[in-house]
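Please read the structure below before turning to the comments.
No value in this document is a laboratory result; all are computed from the given coordinates. Please read all numbers here as calculations on a predicted model, not as lab measurements. A quick note on method: Cβ atoms are made from the backbone with ideal geometry, for glycine too, and the neighbour counts reach across all protein chains shown.
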Amino acid sequence: MARSRTPKFDASEVITNEIIRIIERGVLPWRKPWTAGGSSRPLRVGGEPYQGVNNFLLTMRTVMAGHSSPFWMTLPQANALDAKVRKGEKSSVVVYYGQSRTNAADEDGRSDGDDRSEEARIFRFQKSYRVFNACQIEGLPDSFYPDPEPAPEHPPSEPIPHMQAFFDAIDITTVFTGTEAYYLPPVDKVFMPPITRFENPRNFYGVWAHELAHATKARHRLNRDYGLSRFGNTAYAREEIVAELTSVFLGQTLGFTAHTLEMNAAYLYNWLRVLRSDKGAIFKHAADAQRACDYLIARSEAGRAGGRAEAA
């Protein structure tokens, strides 16, 4: 009788199903304003911030579990600090990507010895590992539980100086008019309602980040293309996920949360349709969003550096 095999652990499937279950409840937890121990991003044991999909995943899990520490670590890392994961605590799956290089061999399986004739092949792979938040661990130094910082108050409908300066320096034209927010590719412009229409100014910057993220897809910028995009189709839904995650990542840097003018069942359905059909989608789109975030930060820095040079 054949012995039954334990199904191979599929991190992509497990993570995607986790996100689907959360969205099916009608919430996007990463939109909740939060900081853990004064940090707006999850941190590795050495203090380096997570990026891309791991940033997104651990942000979501920090919010949902209510962790007050931003630090995450593996079981061996905790043990190396003479600390102990509390009994019954559940780990969180995160991923990393690597690549290996091989050279093609001849039909007999032997290289012909001529490096010039060998075809180099690069294989990318994904591996997963498990981490625990510092709040799930006993015996860690106090430095893993930094004191929270109070969120600064801002007047309603008024610009927030450091956020405004960041966005103003980006060389993508934004027109402030009307009540809708969108990026119009034929004229390469973002259209936004004025800040006076937003009681919470952080939401204004969250929407602006979302629309600027769409503008990064242009051919002369990041040249991001998921196929012919029409309202409601899969290409449209994929681009919406990238814009959402870009706003999440940029908001962590500046101090706002992702926001859209419309948050309804149709918006959630866009996420669910993509995730249900492609277990690798969240990983690809989080990477695309990280690139968009990095691009906007670089353009803002370049714009402000140019302004300082002119002033000098």
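Per-residue packing, averaged as other Cβ atoms within 10 Å, sorts the ranges 9-18, 197-206 into the order 197-206, 9-18, beginning with the highest. Peptides 158-167, 68-77 ranked from most to least packed give 68-77, 158-167, packing being the mean of other C-beta atoms within 10 angstrom over each peptide's residues.
Can you figure out the FRET efficiency of SER157 with ARG121, using R₀ = 45 Å and their beta-carbon distance, to the nearest 0.05? Efficiency at R0 = 45 Å is approximately 0.20. If I take R0 = 45 Å and measure r between the Cβ atoms of ALA80 and LYS189 in this structure, what FRET efficiency does the formula 1/(1 + (r/R0)^6) give, to the nearest 0.05? Efficiency, from the Cβ-Cβ distance: 0.30.
Express in nm, to one decimal, how much length is gained between PHE176 and ARG304 on full extension, taking 0.36 nm for each residue of separation and deducting their alpha carbon distance. Before the final figure, lay out the partial values.
Working: separation 128, 0.36 × 128 = 46.08 nm, distance 2.11 nm.
So the chain would gain 44.0 nm between PHE176 and ARG304.
Among VAL175, VAL45, a tally of other beta-carbon atoms within 10 Å of each Cβ gives an order, fewest to most, of VAL175, VAL45. Pairs with C-alpha atoms separated by more than 27 Å, drawn from the list LYS217/LYS279; LYS84/LYS127; LYS90/LYS279; LYS8/LYS284; LYS87/LYS279; LYS32/LYS284, are LYS87/LYS279. Sorting the segments 269-275, 54-60, 241-247 by their mean number of nearby beta carbons within 10 angstrom, highest to lowest, gives 241-247, 54-60, 269-275.
Dipole size of segment 185-312 about its Cα centre, with +1 on Lys/Arg Cβ and -1 on Asp/Glu Cβ: approximately 240 debye, rounded to the nearest 20.
From its DSSP helices (H runs of at least four residues, each -39,500 (n - 2.57)), the chain gives a residue-normalised ellipticity at 222 nm of -13000 deg cm²/dmol. Shown here are the Rg and Dmax of the Cα trace of the chain, at 22.4, 82 Å. With a 10 Å cut-off between alpha carbons and a GNM built on the chain, which of TYR96, TYR145, TYR295 moves the most? Of TYR96, TYR145, TYR295, the Gaussian network model singles out TYR96 as fluctuating most. For LYS87 and GLU149, a Förster radius of 45 Å and the Cβ-Cβ distance give a FRET efficiency of 0.90, rounded to the nearest 0.05.
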